[in-house]
Amino acid sequence: MTTFADLGVRPRTLKSLADQNILEPLAVQAEAIPLLLQQRDVVIQAPTGSGKTLAFLLPLVERLAGHSSAGIRALIVVPTRELANQIQSVLRGIDPQLRTALIIGGVGYGSQTSALRNSCDVVIGCPGRILDLATQGAARFDRVSYLVLDEADEMLDQGFAPDVERIIATTPAASRQTVLASATIPGWVQRMIDKHLVDPERVRLSAEEPTLEHGLVCVERENRVSILSRLLRRHGSSAIVFHRTKHGAKKLARDLAREGHRTGELQGNLSQNARDRAIAAFRRGDSTVLVATNVAARGIDVSHVGLVVNYELPETAAWLTHRVGRTARNGAAGRALTFLSSDDADKWRKLRREGAPDLVWVDDNALITTGEMRTTTAPAFATAATRPARQLDGARTIRSRQWRRRRSSR
């Protein structure tokens, strides 16, 4: 059995991990940590929830070896504020002596510039605000020895590529160790790797099976709130429900609250403080349902999410993958349900062409009455693109097959 000590982690860090009951490395950590401790550039490609964050944070802690007044020595660039917050929290749990600056939009500059002036060791933030403060001269990265680009596919897909390129240019190429972590490596991410990483080692992990159950549920729009409410009552534990729009998420959260569900809301029109409060309440269990847009589909690590519901289809197959990735994490079991109605047929065909998985249709009545995912006949609007369900005997439950997403170069 491999331990963190076997990987080369120091006793002080081992104690911090043990205090949090983190005793054995996950597969991605066992592969990546020794390479990073050798100060190699590394590309980590692994599914959401596989443990990538600890895989790049432990070598960071070991390399920095405590607080120093030498300036910013590590920079972690991420696509969302929530992910930045989460990484800072994990890092503080490993080494609270390291001084961090959280550099994100949606909040004032005062606390961030103050943190930067306070002999900051590590900057964690989003591209726009990082570049803004660097341009103002408030943040200097010329002493960065450890650079992380986390969730790189989303950052570049969202149009952050020019900002990320400019941020990288402010760090010292000759002495910098670079880590790029991502669930997928499309063509534009590969070009970034080729340009900025030196002879990188690659750590690839495939999704494990069969911890996820995922099926299609035929629900017409006028019945969705009612069906969803009954499904949530039967499920009984924490769930994330995804809506496509900010206004729709707000309205759905209000509708579910009226149905008696302890509901939180996470969408882009909320202030950063409101978003932080919503996530904290969901983590504590004060709310058991989080209604969210895609802002919650990447990087939010809440271990107890047992159900994800796609109330509205996402724009792309990749977003479907990342939404569903909020459950069945780190080997835990999870369930995902994707609502479809007749007017979703064209959208679903598009997602299938992009690589969305071949899912079975499940019986909503069985879900509500017994909690079981039983197959049912495909509805009339289902075509070859939605592929009728494979019939299973009796009340056998459905286990999703490993998703085989197509790689596409853009």
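The values are calculated or read from the model by the stated rules, or taken from the named source; none is laboratory data. Predicted, not measured: the structure shown is a model, and the values here were computed from it. Note that we place each Cβ from the backbone using ideal geometry, even for glycine, and neighbour counts take in every protein chain shown.
Table for the structure above
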{"quantity": "Qualifying residues in the range 224-242 (those that are in contact (Cβ under 8 Å) with a residue 24 or more places away in the chain and outside any helix (DSSP H, G or I)) - the one surrounded by the most Cβ atoms within 10 Å (Cβ to Cβ)", "calculated": "242"}
{"quantity": "Per-region count, the range 134-154, residues of a type outside the set (Ser, Thr, Tyr), touching a helix residue (DSSP H, G or I) at 6+ places or on another chain (Cβ under 6 Å) and under 28 Å from residue 322 (Cβ atoms)", "calculated": "3"}
{"quantity": "Set 220, 213: member being surrounded by 16 or more Cβ atoms within 10 Å (Cβ to Cβ) and either in contact (Cβ under 8 Å) with a residue 60 or more places away in the chain or aromatic (Phe, Trp, Tyr) (or both)", "calculated": "213"}
{"quantity": "Any pair with Cβ under 7 angstrom, 6 or more apart, that starts in the range 105-117 at a residue that is hydrophobic (A, V, I, L, M, F, W, C) and ends at one that is outside any helix (DSSP H, G or I)", "calculated": "115/101; 116/101; 116/138; 116/139"}
{"quantity": "Residue pairs meeting the criteria (Cβ under 6 Å; at least 6 apart or on separate chains; first closer than 17 Å to residue 56 by Cβ, in the range 1-19; second of a type in the set (Val, Ile, Thr) and crowded, with 16+ Cβ neighbours inside 10 Å)", "calculated": "7/33; 13/61; 16/94"}
{"quantity": "Checking residue 291 against (1) free of Cβ contacts under 8 Å to residues at least 60 places away in the same chain; (2) out of contact with any Gly (no Cβ under 8 Å at 6 or more places or on another chain); (3) under 29 Å from residue 107 (Cβ atoms), the condition it does not meet", "calculated": "(2)"}
{"quantity": "Selection count where residues are among the basic types (Lys, Arg) and part of a helix (DSSP H, G or I), scope the range 257-267", "calculated": "1"}
{"quantity": "Residue within the range 22-32 that is assigned to a helix (DSSP H, G or I), of a type in the set (S, T, N, Q) and surrounded by fewer than 23 Cβ atoms within 10 Å (Cβ to Cβ) present", "calculated": "no"}
{"quantity": "Given (1) of a type in the set (S, T, N, Q); (2) touching an Asp or Glu at 6+ places or on another chain (Cβ under 6 Å); (3) crowded, with 20+ Cβ neighbours inside 10 Å, number of the condition residue 338 does not satisfy", "calculated": "(2)"}
{"quantity": "When residues of the range 268-303 are limited to those that are part of a loop (DSSP other than H, G, I, E, B) and modelled with pLDDT of 90 or more, the one nearest to residue 236 (Cα to Cα)", "calculated": "288"}
{"quantity": "In the range 199-210, residue nearest to residue 323 (Cα to Cα) [restricted to those that are modelled with pLDDT of 95 or more and surrounded by fewer than 17 Cβ atoms within 10 Å (Cβ to Cβ)]", "calculated": "202"}
{"quantity": "Qualifying positions in the range 48-77 - more than 30 Å from residue 138 (Cα to Cα) and in contact with an Asp or Glu (Cβ under 8 Å, 6 or more places away or on another chain)", "calculated": "49"}
